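Working notes, beginning with the structure itself.
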Amino acid sequence: MTASDTGTQVTSPSSGSIALGAVQLAWTASPCGRAVSEDFFDFTAGEEPAKGFAIALADGLSAPGYRGREASEICVRTLLADYLEAPTAWTPAQILERSASSVNGWLFAENARRPDFGSMLCTLTVLAIRDSQVHFGHVGDSRLYRVREGQRERFTADHVWPCSNMQHVLRRAIGLDRHLVLDCGTDDSLPGDLYLLLSDGVWEVIGDSGINDAFRQHQDIAAICNSLVTTSLDLQKQYLGRNDATAILVKVLR
């Protein structure tokens with residue numbers, strides 16, 4: 001099954017939760033007062049047990065005509081479709097790398113063909129769970145964390161320029177360069193593990209202390225997601241920010 005409605009264009013926070021076999025999923029997302037969110041996420045659970053579960057989050061870079069949103073939606077939908085349709089003999093890493101490279105090539109060519117329309121660029125963080133193993137792929141500055149027995153560990157690196165005045169400028173993104181380098185990794189999951197996906201509109205705004213507060217104050221994963229996004233929105237109002245905020249939690253049940 002897929003959940004294509006998670007990316008609907010809304011002007012107020014949207015949230016939900018669902019149990020999918022061996023995982024429980026919760027999310028909250030907000031465009032932070034803008035007409036269209038450039039964050040987009042979706043998830044899928046294959047009918048074949050070998051396919052397992054996958055979820056992808058992309059954050060489009062602002063461009064005229066909502067080109068950032070177009071990039072993030074194309075990227076997520078294509079990757080999840082490829083994940084379901086790929087041969088079962090392929091490893092998750094092979095699927096993620098081949099699919100992300102294909103989308104990257106298409107977006108790069110489209111940007112070169114229509115330079116006056118604004119570039120379609122996005123980050124990508126994808127998580128797949130198969131046979132008690134977690135696999136992830138990442139490019140950009142969205143983040144993936146694991147929370148195990150109350151201890152949070154970040155699995156991804158932010159692909160931004162290290163100079164102090166360029167920390168908001170991506171040096172890697174889907175569609176930015178002809179050749180894509182996708183960071184990939186694996187983790188042996190345990191029942192009760194939580195995997196947290198955040199767009200920069202959450203982690204950059206509220207910081208580590210805000211993330212820790214949400215986990216300390218709430219036990220329910222839907223409540224944690226809502227707290228993370230609500231805190232970001234409240235802080236952004238103070239400085240008139242306009243950065244989409246998306247928080248997703250995946251809980252391993254068995």
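The values are calculated or read from the model by the stated rules, or taken from the named source; none is laboratory data. All figures in this text were calculated on a predicted structure; none of them were measured in a lab. We place every Cβ from the backbone using ideal geometry, glycine too, and count neighbours over all the protein chains shown. Side chains included, ligands, DNA and RNA excluded: accessible areas come from the protein's heavy atoms. Shrake-Rupley method; radii C 1.70, N 1.55, O 1.52, S 1.80 Å.
So which strands (runs of 3 or more DSSP E) are wholly in region 74-186 and hold at least 2 residues that are under 17 Å from the mean Cα position of the chain (by Cα) and without any contact (Cβ under 8 Å) to a residue 12 or more places away in the chain?
Answer list for region 74-186: 151-154.
Take the residues in region 19-31 that are open to solvent by 10 Å² or more (accessible area, probe 1.4 Å) and under 17 Å from the mean Cα position of the chain (by Cα), then tell me which one is farthest from Gln236 (Cα to Cα). So that I can check it myself, show each step before the final result.
Going through region 19-31, the residues open to solvent by 10 Å² or more (accessible area, probe 1.4 Å) turn out to be 19-22, 24, 27, 29.
Then drop every residue that is not under 17 Å from the mean Cα position of the chain (by Cα), which leaves 24, 27, 29.
Values: Gln24: 29, Trp27: 19, Ala29: 14 Å.
Looking at residues that are open to solvent by 10 Å² or more (accessible area, probe 1.4 Å) and under 17 Å from the mean Cα position of the chain (by Cα), I get Gln24.
Taking region 235-254, which residues are over 14 Å from Leu198 (Cα atoms) and either open to solvent by less than 30 Å² (accessible area, probe 1.4 Å) or not aromatic (Phe, Trp, Tyr) (or both)?
Residues of region 235-254 over 14 Å from Leu198 (Cα atoms): 235-242, 251-254.
Within region 235-254, Leu235, Gln236, Lys237, Gln238, Leu240, Gly241, Arg242, Lys251, Val252, Leu253, Arg254 meet the criteria.
Go through Leu190, Leu197 for me and flag whichever is over 25 Å from Trp106 (Cα atoms) and open to solvent by 60 Å² or more (accessible area, probe 1.4 Å).
Leu190
Going by what's in this entry, would Ala93 be described as open to solvent by 60 Å² or more (accessible area, probe 1.4 Å) and modelled with pLDDT under 95?
No: the conditions fail for Ala93.
Which residue is farthest from Glu110 (Cα to Cα), if the candidates are limited to region 149-187 and must be surrounded by 13 or more Cβ atoms within 10 Å (Cβ to Cβ) and acidic (Asp, Glu)?
For region 149-187, the residue satisfying everything is Asp187.
For region 223-241, which positions are assigned to a loop (DSSP other than H, G, I, E, B) and not small (Gly, Ala, Ser)?
Once the filter is applied, which keeps residues that are assigned to a loop (DSSP other than H, G, I, E, B) and not small (Gly, Ala, Ser), region 223-241 yields Tyr239, Leu240.
Only one residue in Ser232, Ser209, Ser142, Ser227 is closer than 24 Å to Ser99 by Cα, open to solvent by less than 80 Å² (accessible area, probe 1.4 Å) and at pLDDT 95 or above, so which one is that?
Selected residue: Ser142, the only one of Ser232, Ser209, Ser142, Ser227 that is closer than 24 Å to Ser99 by Cα, open to solvent by less than 80 Å² (accessible area, probe 1.4 Å) and at pLDDT 95 or above.
I'd like to verify a number: residues in region 51-72 that are in contact with a helix residue (DSSP H, G or I) (Cβ under 6 Å, 6 or more places away or on another chain) and open to solvent by 50 Å² or more (accessible area, probe 1.4 Å), how many?
Selection size over region 51-72: 2.
Each row is one residue, and each column tells you yes or no for (1) out of contact with any His (no Cβ under 8 Å at 6 or more places or on another chain); (2) open to solvent by 10 Å² or more (accessible area, probe 1.4 Å); (3) of a type in the set (A, V, I, L, M).
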| residue | (1), (2), (3) |
| --- | --- |
| Glu85 | yes, yes, no |
| Trp106 | yes, yes, no |
| Gly118 | yes, yes, no |
| Asp131 | yes, yes, no |
| Val134 | yes, no, yes |
| His138 | yes, no, no |
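Checking the condition more than 22 Å from Leu253 (Cβ to Cβ), among the basic types (Lys, Arg) and at pLDDT below 95, which residue from Arg77, Arg98, Arg114 passes?
Just one listed residue meets the conditions, Arg114.
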